[in-house]
Structures are given as C-alpha cells and as structure tokens.
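Written out below as structure tokens is the structure these notes cover.
Every number here is computed from the coordinates shown, using simple stated rules; none is lab data. Here the structure is a predicted model, which means the values were calculated and not measured. So basically every Cβ, Gly included, is an ideal-geometry build from the backbone, and we count neighbours across all protein chains shown.
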Amino acid sequence: MKKTILLMATILLISMSAFSQKGFMHSAGYGFYYGVGKISTDDTTGMSLIYRPTLSFNSGVYYPRINLSDSRDNNFSIGAPIALGFSGSFSSSSGSSFSFGLDLPVMFDYSFGHGSAERNKDGFGGFIGAGFGYTLSSYSYESWYGNVSETASTAGPAFHAGIRFPLSIKGNDMSYTIRFMYKLGLDENRFKVFGFSILVNL
C-alpha cells in the first residue's frame, strides 16, 4: 500500500511540475465519503459467511489541478481532490473517541464550460475523469469495557464527475463545484467507496 501511495504522489508531482505553466487551478470545501466491502469466509461447519465492513467520514477537501492544454472552452487536466477529516470527543461517563479519514486520488479530467480555464466565466460547466486512489478510515474509542479500534482501507480505480457554476450571494460573485465520486477497491475487502463534495473555486 505504501508503494501505491508513493507512486501516486510521484506521478502527480511530475505532472504538475511539467505542466505548471499551463495554469494552476484549485478549490476547497466539504466532503462526505462512505464505503462498503464484501468478505466471504467459511465457518467451522463449512458454511459460507459474508461479512460487509464499512467506512465513512466527513472531511475537508482541497482539489488542486493543472490544465494540460491552454484552451478557453475545454481542457484536459491532472489533479488530486484530497480529503482529510478527523473528530474526537471526551466524556467522563462514556469515555473518549477519535476518528480519522483520508482519501488520496490522482485524477485525469476533461473539463468544459465554466471553470475549465481561469478565463472561462460561462454560466455553466462540468467535468468527468478517472484515475486511481487510496482511502483510509480509522475509528477508536475508550469505554468501561476497554479500548476498541477499527481501521478500514482500500485502493483502486476511481471515477468522478461534477458540475461548476457561478452563484451570487449577497452581492458576492462566487464559483462552485459539486462533485460525485466512485472507487472500486482491488484488495481483498473489495470496498466500493462513494463520495460527495461541494467546493468553492478559489
């Protein structure tokens, strides 16, 4: 898994370095991720059992991308919509808890219309893309019964699509992105991860 993350980071850094002069764009906001896996095992009697582990987390999302072309109307780009979230709580009666979530993909996109380039201010735009990503979710808590910790992770091909549009709120003109993603895990847990995010284009 560490080799996968290192390879993804290397591809992203090389690509962004090579094409940085074409135009850097980025956005940030909120995201929610949920995944469910499927593990088939046999019990002591030989009967087949199916266990479905899950992962979920809320996160902040930062999405940097570099356009690989210099067109106003549409562009191909490489980017990394990185999601990171954590939360914690403490109670003298029920104990403390901590959760952590991470989604790290590298995506190749085709964008059109609004937001496809810095100078494109059309009334509507969108994008579709594919790549490879890694997702991790960890949860731990302390109670009267002891410490409990659960961790789930997966890596595999990822697909996403979304829309971009301008919106004026109280006289302030802003640009937004709504993004949907799907990842198919290739490990033994076979996680299927779904994600949603709403971002402000910076």
Between the modelled labels at Asp70 and Tyr34 (7 Å from Cα along Cα→Cβ) the distance in nm is 4.5 nm
Ordering of 181-192, 72-83 by burial proxy (mean other Cβ atoms within 10 Å per residue, highest first): 72-83, 181-192
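Under 10 Å from the Cβ of Lys183, count the other residues' Cβ atoms, weight Lys and Arg +1, Asp and Glu -1, and hand me the total. Walk me through the numbers before you get to the answer.
Details: positive: Lys192; negative: Asp103.
Result for the neighbourhood of Lys183: 0.
Using the number of other C-beta atoms within 10 angstrom as an exposure proxy, rank Ser56, Ser71, Ser197 with the fewest first.
Values: Ser56 16, Ser71 13, Ser197 25.
Lowest count first: Ser71, Ser56, Ser197.
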